[in-house]
Amino acid sequence: MANQGGYFDVLDWMERQKALKPQLFFRKMQAAFGIAHILYVDAMSSRAGIKSHRLHHTFGPAAVRDAKALGASLIEPPLRKALAAVAPLDWSHLAHGSPERDGLDALAANLGIAACGVSYPLKSREGRQALFAIQMDTDSGDWRRFRRQHDRDLQSLAIAFHATLLRSGGDRIEHLDTPRLTRRERETLYWSAAGKSYWEIAVILGISERTVRYFMANARQKLDVVSNTQAVAEASWRGLLPGPDIR
């Protein structure tokens, strides 16, 4: 069962770590949200295949060997689909009979898990693509409710985890191309990060809700992301959010 304060519990824990250890982070996520398994991949995908740069998961070495035994023709299609996605990919949305769905079902059966999960695409470096996927053993109704309640928090934590690994692994994060956000765009992102709705942000800033949506759309475009959650995480990562004195 997910802990209502799970997001802040994990975030506070991350901020106290001198060096983030993926397996400890995964255990914190599992305890906070009731997640069964987690997979993180940072890889280069080409016609020749998928070459992993980083791979962390909760399945264990035996499960990985069993998955590889299925062959690339089965396991690569769903992985390619998730890596190339521009928005969170719910596994239930994969078309039945497609190579992606067949591969996912084969993997789930091989690992003895339910094919119930979501993959969050992440921006990586040097032409690579990354994803953070979670899997749960639950029915479709509970899964939909879980995503509605926790999707934003999970995506934010996935981005924070990915950014931390990039920094600690020596991947250079360029700031020469840092987007130039206006003051209003930064304020809109700040209040969105605080959990405020468009209407609430409009009241706080003394502008119309339509204008708030306009600022947020501009911010998403400048940050090269597709969702508000990604925009907030990207802006925070780049140090573009205003401080608490904004109040």
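The values are calculated or read from the model by the stated rules, or taken from the named source; none is laboratory data. What you see is a predicted model; the values in this text were computed from it and never measured. Cβ placement follows ideal geometry from the backbone for every residue including glycine, while neighbour counts extend to all protein chains displayed.
Summed over the range 101-132, residues that are modelled with pLDDT of 90 or more, of a type in the set (D, E, K, R) and crowded, with 19+ Cβ neighbours inside 10 Å total 1. Screening the candidates His57, His37 for the property of being in contact with a His (Cβ under 8 Å, 6 or more places away or on another chain) and over 21 Å from Lys123 (Cα atoms) yields one hit, His37.
May I ask you to verify whether Ala163 is crowded, with 18+ Cβ neighbours inside 10 Å and at pLDDT 90 or above?
It is false that Ala163 is crowded, with 18+ Cβ neighbours inside 10 Å and at pLDDT 90 or above.
Among the criteria (1) under 29 Å from Gln149 (Cβ atoms); (2) surrounded by 16 or more Cβ atoms within 10 Å (Cβ to Cβ); (3) at pLDDT below 95, the one Phe26 does not fulfil is (3). When the residues of the range 58-71 are filtered to those that are closer than 20 Å to Ser45 by Cα and surrounded by 12 or more Cβ atoms within 10 Å (Cβ to Cβ), the one that is farthest from the chain's Cα centre (by Cα) is Leu70.
For Arg152, state whether it is farther than 30 Å from Arg220 by Cα, of a type in the set (Lys, Arg) and outside any strand (DSSP E or B). Judged against the criteria, Arg152 is not a match. Which condition number does Leu39 fail, the rest of (1) part of a loop (DSSP other than H, G, I, E, B); (2) at pLDDT 90 or above; (3) hydrophobic (A, V, I, L, M, F, W, C) being met? Of (1) part of a loop (DSSP other than H, G, I, E, B); (2) at pLDDT 90 or above; (3) hydrophobic (A, V, I, L, M, F, W, C), only one is false for Leu39: (1).
When restricted to residues that are at pLDDT 90 or above and either charged (D, E, K, R) or part of a helix (DSSP H, G or I) (or both), the range 197-247 contains 19. A count restricted to the range 72-100 and to residues that are free of Cβ contacts under 8 Å to residues at least 24 places away in the same chain and under 21 Å from the mean Cα position of the chain (by Cα) stands at 4.
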